[in-house]
Amino acid sequence: MRFRATAFACLILVSAGLAAPAAQGAQGSASSAAATSTVRWGQSGDYAVPADYNGDGRTDIAVWRPSTGTWYIRGVGTVVWGREGDQPRPADYNGDGKADITVLRGSQGRAASLLVWYIRGVGTFTYGHGSDGPVPGDYNGDGRAEVAVTHLSSDSTSPLTWYIRGAAKYAWGRGGDVAAPANYVGDKRTDLAVVRHGSTRQVPLTWYVRGLSWVEWGYSGSGISGGGDVSVPTNYIGDSHAEIAVWRPSNGTWYVRGASSWITWGRDGDWLVPGNYIGDSHADIAVWRWSTGTWYIRTL
C-alpha cells in the first residue's frame, strides 16, 4: 500500500484512557540502535510500489513508470505491465508468498466506468467501478489478497460499503471516511477499518476498526488532500499486528500508537512507504522523495 502526503496538521490526541503524546514540535527520542539507508531509485512521475516481489520476506524498493508501463524492481528486474492512466495495486493475490504485479483500469471518479484488475500471472477480473476505492487485502485469512473495493452510493452521509470478491458485502464507515484496512487484531486477516476526519484541524481523527473499540489518534483535516495527519497503519513494533499510526506533514513526525517514542522522518510532499525492508519482524519507517527519486529508510 502507498501513502502520499500533501498538506499540514496540528496536534495529536489519544483517547480511551491513554496518555496523550507530546504536543506539536516534539521530536521524540531516536534509538541509538536505529540504522538508516538512502537509495536512489525512480524519478519524478513514477509511482512508488514497494512490496515483496521475490518472496524473501523483505519489502523490495520498486517504482512503476506510467509513461512506459514499466515496473522497476530493485534487485529483481523490470517488467512492462499497464499503461498511462492505470492504478498500480501489487499484492499477493495467488498466495505464493510473492507480490503480484497488478494494475487497475477504469475511468477514475466515474461511477459508470467498470474497474478491471489486470493481475500478472493470475488473471483479469472486472470488479467495481471507476468511482470505487480499491482495497485489496487478505480478509478471510487464506494467505491470498482478495480483490476488493469500497463503494459510496450517494452523498457523504451514506454508508461506505465494502465489496470483497468471493465474500459478502459489508457496510463499514460513511462518506468522507478514509479506508485503512490492515491486520489490527493479529489473526492474519485484514480488518475493515476507516479513519474519520473532523470538521476542523483541531478535531481528533477517529479510527473505527471492525471488531474493536474506536480510538482517537491523530488530528484532522479533510483527508490526505485537504490537510491533517495521514494514516499509516502497519506492524511497526513486531507484535504480529498493525499499529494505529499517523504521520504529521507539518513536522515530519511519525506517531505510532504503543511505541515508546515518536520519530521525525520525511517532509511534506514525500510519499510514505513503510515496509519491512530489512526482513526482520517489523516494518521500517520510510519515505520516497519523488522529486529526486530518493528513498530514505529508517529501521526501528
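Observations on the model:
- If you go through the range 117-164 and keep only what is in a strand (DSSP E or B) and more than 21 Å from the chain's Cα centre (by Cα), you end up with Gly123, Thr124, Phe125, Thr126, Pro159.
- Screening Ala148 against (1) touching a strand residue (DSSP E or B) at 6+ places or on another chain (Cβ under 7 Å); (2) at negative phi; (3) open to solvent by 60 Å² or more (accessible area, probe 1.4 Å) leaves a single unmet condition, (3).
- Looking across the range 128-176, the residues that are within 18 Å of Leu114 (Cα to Cα) and acidic (Asp, Glu) come down to Asp132, Glu146.
- The range 151-168, subset hydroxyl-bearing (Ser, Thr, Tyr) and open to solvent by 70 Å² or more (accessible area, probe 1.4 Å), residue nearest to Phe125 (Cα to Cα): Tyr163
- Neighbours by Cβ (under 9 Å, 6+ apart or cross-chain): first from the range 164-182, within 27 Å of Thr200 (Cβ to Cβ) and without any contact (Cβ under 8 Å) to a residue 40 or more places away in the chain; second open to solvent by 40 Å² or more (accessible area, probe 1.4 Å) and among the basic types (Lys, Arg): Trp172/Arg210; Gly173/Arg196; Arg174/Arg196; Asp177/Arg196
- In this structure, Val195 does satisfy being closer than 22 Å to Trp262 by Cα, in contact (Cβ under 8 Å) with a residue 12 or more places away in the chain, out of contact with any Cys (no Cβ under 8 Å at 6 or more places or on another chain) and not hydroxyl-bearing (Ser, Thr, Tyr).
- Pairs where the first residue, in the range 123-145, is of a type in the set (Asp, Glu) and the second is open to solvent by less than 30 Å² (accessible area, probe 1.4 Å), C-beta under 7 Å, 6+ apart: Asp132/Leu115; Asp132/Val149; Asp132/Thr150; Asp138/Ala145; Asp138/Glu146; Asp138/Thr190
The values are calculated or read from the model by the stated rules, or taken from the named source; none is laboratory data. What you are looking at is a predicted structure, and each value in this text was computed from that prediction instead of being measured. Reconstructed Cβ throughout: ideal geometry from the backbone, glycine too, with neighbour counts over all protein chains shown. For accessibility, only protein heavy atoms count, side chains too; no ligands or nucleic acids. Shrake-Rupley method; radii C 1.70, N 1.55, O 1.52, S 1.80 Å.
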